[in-house]
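*Asks:* Before I ask anything, let me first share the structure, which is written out below as structure tokens.
The values are calculated or read from the model by the stated rules, or taken from the named source; none is laboratory data. Here the structure is a predicted model, which means the values were calculated and not measured. Heads up, the Cβs are rebuilt from the backbone with ideal geometry, glycines too, and the neighbour counts pull from every protein chain shown.
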Amino acid sequence: MHKNFRWILKMWKTQKWFLLIMLVFTLGSSAVSIAHPLIFGKLIDLLRNILSDPGKYPDPMADVNRIIWILLALGGAQFFTGFYPAFRGWVNIRFENMLRMIYFKYLLDKDFRFFQKFRTGDIVTRLTDDLTDFSKISWFLCSGIFRAFNSFSLIAFSLAVMFSINVKLTLMSIASLPLMMLVFYLVSDKLYQNFDLNQKAISNINNQLEMSFSGIRIVKAFVSEEKYNRFFDAALQRRFETEMGVVKLNAVLGLIYQYIDYFAQIGVILFGGYMAVKGDITVGTFFMFYSYLSMMIYPLLDLPQLFVSGKQAFVNIDRLEEMKDFPTFNADWKGEKKLEKIESLRFENVSVTYPGKNEAAINNCDFSLKNGERLLILGSTGAGKSTIANLLMGLLKADEGRILVNETPLEELDLVDLREAIAYVPQDPVLFTGTVRENVLFAVDSADEQEYQTAVKTAQLAEEIAAFPEGEDTRVGQRGLGVSGGQKQRITVARALVKRPQLLILDDITASLDAENEEKLWQDINIHYPGISAIVISHRLSTLHYVDSVLFLDSEGRAHQGTHDELVFNNKEYHDFLHEHLK
């Protein structure tokens with residue numbers, strides 16, 4: 001819990017001036033509210049005294065008018081404090097946007113292990129529902145705490161006035177507070193548990209929705225609508241049950257608090273009325289006490305609500321911090337050495353084993369690549385070909401061995417420089433919602449028209465764009481919806497080329513290119529991007545014509561580098577691999 005308070009203070013420091021205004025608003029609003037019963041009580045006693053003993057007041061209307069002017073002034077002040085809730089809501093939105101930006105930046109630094117643990121729907125829930133709704137983080141940071149502070153200041157000011165008037169009656173008024181605190185203490189752990197289960201159920205719903213819509217073609221192809229509907233119904237039922245658990249507990253707490261306040265109010269009316277009849281207090285004083293007690297009912301309920309909403313907000317804070325604190329090896333990347341040009345690249349006895357796996361993805365891998373050379377990586381499925389690409393881009397860390405760029409260990413290089421020098425085209429092409437042109441220019445802040453057209457032509461995309469209904473302004477849906485697999489792959493190739501990388505990594509893109517388009521691709525790369533280094537992962541043997549050497553990954557994850565002819569004559573497993581594919 002202490003870490004949650006430190007987190008709140010850290011967030012407050014970013015909005016300290018707005019929170020200072022909130023503090024002034026809160027105290028001003030409480031002071032104006034407290035003044036009304038006090039002035040009205042004085043007015044009642046004045047009118048009663050004037051009626052009972054008129055001779056004592058030679059100019060009674062002057063006294064009455066003075067109090068009325070005070071009330072009018074308080075009414076003017078009340079007008080300005082009426083903007084308090086709107087300002088509070090505005091600050092809530094500032095916190096919401098700020099937190100979403102902060103934690104989204106954290107996510108961009110995570111590696112693949114993070115996204116294996118946290119599914120898309122869960123992440124979306126934590127960045128939306130956990131921040132936005134009533135009693136969630138952004139509301140609690142401002143409205144929740146300042147509403148409670150407003151309630152506390154109202155109670156404190158009221159008690160100060162009440163104690164100054166009559167101690168016994170005041171003690172009667174606050175007798176219920178310890179009981180309220182005891183009730184909350186007894187149920188606080190249950191509250192946290194219920195809120196945590198509810199947020200997990202909401203995340204599960206969003207996961208189900210994300211999987212349903214992203215895989216809708218598979219669902220329909222296998223006629224699995226009814227089956228998936230049952231999955232979704234089960235997830236909805238789980239969410240309903242957890243939300244009902246929260247609602248029931250809140251309802252019981254609210255009912256208990258209301259009855260505690262109700263009996264406290266009856267006690268004050270009976271005890272205060274008896275004192276007024278006896279003459280121990282005036283009618284105006286009794287009115288003030290009753291007004292203050294009525295005024296304190298909602299604040300007394302608001303204070304326990306702070307603890308309830310605080311428990312839920314703490315759950316949401318923990319969920320955000322769980323994502324932020326998830327370990328990533330990029331956080332340990334201390335490299336600062338600038339990379340001007342990739343002159344050479346070398347793997348020395350590099351081994352990688354993925355978490356939860358017993359066998360190494362690559363084992364004692366050795367190979368080298370010089371500037372301008374092209375390397376074809378071949379191997380059976382799961383041999384570790386894509387692992388090499390992830391290592392080069394700093395997306396994965398080697399368990400053993402060294403990766404050297406210009407004879408400098410990879411981890412000593414500036415990570416941004418490294419990634420700017422490399423362009424990667426994944427096996428599964430990833431496009432973003434937007435136009436074709438926006439997707440091609442995604443990796444660059446600006447590019448002249450000639451550079452854009454060169455990348456499009458080289459990727460064999462020019463004719464495809466011309467055939468689109470709106471040309472390069474044709475919109476692409478999420479994950480490339482609306483374009484074919486081959487078109488998606490060509491767009492990703494153009495996206496890689498437009499940044500003119502020093503090293504181009506193509507991960508099995510030829511699966512979406514026919515032999516003719518592959519030949520044209522390499523011819524245009526030779527013309528428009530001379531001297532570019534390339535690592536090509538492919539299953540198509542025709543690619544051998546466009547590379548300088550081959551890196552073959554055998555069944556045990558070991559690497560063998562050489563020309564095609566050298567490997568054919570010296571490596572039986574490579575020979576068998578080719579024979580199998582030629583069949």
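*Asks:* Report the residue count in region 396-416 for those that are over 19 Å from Thr328 (Cβ atoms) and of a type in the set (D, E, K, R).
*Replies:* 3
*Asks:* Confirm whether Asn316 is under 34 Å from the mean Cα position of the chain (by Cα) and assigned by TED's automatic domain parsing to the domain that holds Gln193.
*Replies:* Details: under 34 Å from the mean Cα position of the chain (by Cα): yes; assigned by TED's automatic domain parsing to the domain that holds Gln193: yes.
Criteria met by Asn316.
*Asks:* Does any residue of region 235-258 turn out to be at pLDDT 75 or above, within 22 Å of Gln199 (Cβ to Cβ), among the acidic types (Asp, Glu) and under 29 Å from the mean Cα position of the chain (by Cα)?
*Replies:* Checked against the condition, which is being at pLDDT 75 or above, within 22 Å of Gln199 (Cβ to Cβ), among the acidic types (Asp, Glu) and under 29 Å from the mean Cα position of the chain (by Cα), region 235-258 yields at least one hit.
*Asks:* Say whether the condition of being touching a residue at least 40 places away in the same chain (Cβ under 8 Å) and either closer than 18 Å to Gly382 by Cα or outside the structural domain of Leu441 (by TED's automatic domain parsing) (or both) is met by at least one residue in region 562-580.
*Replies:* To start, the set of residues in region 562-580 that are touching a residue at least 40 places away in the same chain (Cβ under 8 Å) comprises 574, 577.
Still in the running and either closer than 18 Å to Gly382 by Cα or outside the structural domain of Leu441 (by TED's automatic domain parsing) (or both): 574, 577.
The answer is yes, given that some residue of region 562-580 is touching a residue at least 40 places away in the same chain (Cβ under 8 Å) and either closer than 18 Å to Gly382 by Cα or outside the structural domain of Leu441 (by TED's automatic domain parsing) (or both).
*Asks:* Just name the residue that is nearest to the chain's Cα centre (by Cα) out of those in region 101-112 that are outside any loop (DSSP other than H, G, I, E, B) and crowded, with 16+ Cβ neighbours inside 10 Å.
*Replies:* Of everything passing the filter in region 101-112, Tyr103 is nearest to the chain's Cα centre (by Cα).
*Asks:* Take region 310-352 and flag every residue that is in contact with a strand residue (DSSP E or B) (Cβ under 7 Å, 6 or more places away or on another chain), of a type in the set (A, V, I, L, M, F, W, C) and closer than 13 Å to Leu413 by Cβ. Lay out the reasoning, then the answer.
*Replies:* Of the residues in region 310-352, the ones in contact with a strand residue (DSSP E or B) (Cβ under 7 Å, 6 or more places away or on another chain) are 335, 337, 339, 342, 344-352.
Then drop every residue that is not of a type in the set (A, V, I, L, M, F, W, C), which leaves 339, 342, 345, 347, 350, 352.
Residues satisfying the conditions are Leu339, Ile342, Leu345.
*Asks:* Right, another one. Read through the list (1) in contact (Cβ under 8 Å) with a residue 40 or more places away in the chain; (2) among the hydrophobic types (A, V, I, L, M, F, W, C); (3) more than 26 Å from Met393 (Cα to Cα), then give the number of the only condition that Ile465 fails.
*Replies:* If we test Ile465 against (1) in contact (Cβ under 8 Å) with a residue 40 or more places away in the chain; (2) among the hydrophobic types (A, V, I, L, M, F, W, C); (3) more than 26 Å from Met393 (Cα to Cα), just (1) comes out false.
*Asks:* Which residue out of Gly401, Gly394, Gly384, Gly335 is without any contact (Cβ under 8 Å) to a residue 60 or more places away in the chain and either more than 23 Å from the chain's Cα centre (by Cα) or more than 30 Å from Ile256 (Cβ to Cβ) (or both)? Spell out the reasoning first.
*Replies:* Working: Gly394 fails: without any contact (Cβ under 8 Å) to a residue 60 or more places away in the chain; Gly384 fails: without any contact (Cβ under 8 Å) to a residue 60 or more places away in the chain; Gly335 fails: without any contact (Cβ under 8 Å) to a residue 60 or more places away in the chain.
None of the other options fit; the residue is Gly401.
*Asks:* If you don't mind, there's one more thing I want to ask. Before we move on, is Leu141 touching a Phe, Trp or Tyr at 6+ places or on another chain (Cβ under 6 Å) and part of a helix (DSSP H, G or I)?
*Replies:* Numbers: touching a Phe, Trp or Tyr at 6+ places or on another chain (Cβ under 6 Å): yes; part of a helix (DSSP H, G or I): yes.
Yes.
*Asks:* Can you pull out the strands (runs of 3 or more DSSP E) entirely within region 491-578 that have at least 1 residues that are small (Gly, Ala, Ser)?
*Replies:* Working: elements: 503-507, 533-537, 549-553, 559-562.
Here the list reads 533-537, 549-553, 559-562.
*Asks:* If I ask for residues that are of a type in the set (Phe, Trp, Tyr) and touching a helix residue (DSSP H, G or I) at 6+ places or on another chain (Cβ under 8 Å), which ones from region 230-273 would you list?
*Replies:* Initially, region 230-273 is screened for residues of a type in the set (Phe, Trp, Tyr), giving 231-232, 240, 257, 259, 262-263, 271.
Those that are of a type in the set (Phe, Trp, Tyr) and touching a helix residue (DSSP H, G or I) at 6+ places or on another chain (Cβ under 8 Å): Phe231, Phe232, Tyr257, Phe271.
*Asks:* If you don't mind, there's one more thing I want to ask. Looking at region 404-416 only, could you name the residues that are surrounded by fewer than 16 Cβ atoms within 10 Å (Cβ to Cβ) and within 32 Å of the chain's Cα centre (by Cα)?
*Replies:* Hits for region 404-416 are Glu412, Asp414, Val416.
*Asks:* In region 54-100, which residue that is of a type outside the set (Ser, Thr, Tyr) and not in a helix (DSSP H, G or I) is modelled with the highest pLDDT? Walk me through it before giving the result.
*Replies:* Filtering region 54-100 down to residues of a type outside the set (Ser, Thr, Tyr) leaves 54-56, 58-80, 82-83, 85-100.
Restricting the remaining residues to those that are not in a helix (DSSP H, G or I) gives 58-59, 82-83.
Working: Pro58: 64, Asp59: 64, Gly82: 68, Phe83: 74.
For region 54-100, the residue satisfying everything is Phe83.
*Asks:* Give the number of residues within region 121-138 that are among the basic types (Lys, Arg) and assigned to a helix (DSSP H, G or I).
*Replies:* Adding up the residues that qualify gives 1.
*Asks:* Same structure, new question: Got a sec? Which of Thr381, Thr435 is surrounded by 15 or more Cβ atoms within 10 Å (Cβ to Cβ) and over 24 Å from Pro530 (Cα atoms)? Quick ask: steps written out before the conclusion?
*Replies:* Details: Thr381 fails: surrounded by 15 or more Cβ atoms within 10 Å (Cβ to Cβ).
None of the other options fit; the residue is Thr435.
*Asks:* Quick one: Ile165 ticks every box in (1) closer than 30 Å to Gly284 by Cα; (2) surrounded by 20 or more Cβ atoms within 10 Å (Cβ to Cβ); (3) not charged (D, E, K, R) except a single one, so which number is it?
*Replies:* (2)
*Asks:* Just need a number here: residues in region 338-360 that are modelled with pLDDT of 85 or more and either crowded, with 16+ Cβ neighbours inside 10 Å or over 18 Å from Leu503 (Cα atoms) (or both). Reasoning before the result, please.
*Replies:* From region 338-360, those modelled with pLDDT of 85 or more are 338-353; that's our starting set.
Filter again for either crowded, with 16+ Cβ neighbours inside 10 Å or over 18 Å from Leu503 (Cα atoms) (or both), leaving 339, 342, 345-353.
Final tally of qualifying residues: 11.
*Asks:* Mind listing whichever residues of region 89-100 are under 8 Å from the mean Cα position of the chain (by Cα) and closer than 14 Å to Gln15 by Cα?
*Replies:* Taking region 89-100 as the starting set, the residues that turn out to be under 8 Å from the mean Cα position of the chain (by Cα) are 99-100.
Within region 89-100, Leu99 is the sole residue that qualifies.
*Asks:* While we're on this one: Restricting to region 373-398, what's the tally of residues that are among the charged types (D, E, K, R) and touching a Leu at 6+ places or on another chain (Cβ under 7 Å)? Let's see the steps before the verdict.
*Replies:* Let us first name the residues in region 373-398 that are among the charged types (D, E, K, R), namely 373-374, 385, 397.
Retained after the next criterion (residues that are touching a Leu at 6+ places or on another chain (Cβ under 7 Å)): 385.
Residues meeting the conditions: 1.
*Asks:* From the list Lys168, Lys190, which residue is charged (D, E, K, R) and farther than 24 Å from Ile256 by Cβ? Please lay out each step first, then the result.
*Replies:* Working: Lys190 fails: farther than 24 Å from Ile256 by Cβ.
Within the list Lys168, Lys190, the selection yields Lys168.
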